[in-house]
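The values are calculated or read from the model by the stated rules, or taken from the named source; none is laboratory data. Only a predicted model underlies this, so the values are computations on that prediction, with no experimental measurement involved. Cβ sites come from the backbone with ideal geometry, for glycine too, and all protein chains shown count toward neighbours.
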Amino acid sequence: MILSFVSEIQTQHGLEVLAFPEQPVKELSNLELQVPCIFCDKEFPNTTGKNDAVLHHLLVEHQLVIGDVARVCDLRRYVLIQRY
Ligand SMILES: [Zn+2]
C-alpha cells in the first residue's frame, strides 16, 4: 500500500528514493586522532583533557606554555588553529 503510493509519487514527480550507503563512513573519534605539535611534525595521543605528552613536549622542546590550558576544551583543534 505505502510502496505503491511511493512509486506513484515517484513516477508523478520524477523523485528517487533517498538511499544511504550500507555502511556509513566511520568518523574518527577525538581519541583516535593524534594531537600534532604546533612547531614540528611530532604527534601525540589525544587524551582529551590530559594531554600531558604534547604539553610536556611543547615546554621542553619549544619552551612554550599554553596559559589556562584547562580552559581549552579541545586541545587538538586548538593546536591545529595555531598551526595555520
Ligand atoms: Zn614539536
When you go through (1) in a helix (DSSP H, G or I); (2) at pLDDT 90 or above one by one for A70, which number turns out not to apply?
-> (2)
Scan region 55-84 for residues that are more than 13 Å from the ligand (Cβ to nearest atom), under 17 Å from the mean Cα position of the chain (by Cα) and surrounded by 11 or more Cβ atoms within 10 Å (Cβ to Cβ) and jot them down.
-> V72, D74, L75, R76, R77, Y78, L80
Scan region 38-47 for residues that are in a loop (DSSP other than H, G, I, E, B) and exposed (fewer than 15 other Cβ atoms within 10 Å of the Cβ) and jot them down.
-> F39, C40, D41, K42, T47
Considering only region 70-84, state which residues are of a type in the set (A, V, I, L, M), under 19 Å from D41 (Cβ atoms) and free of Cβ contacts under 8 Å to residues at least 12 places away in the same chain.
-> I81
From the options G67, G49, residue that is at positive phi, of a type in the set (G, A, S) and free of Cβ contacts under 8 Å to residues at least 60 places away in the same chain = G49
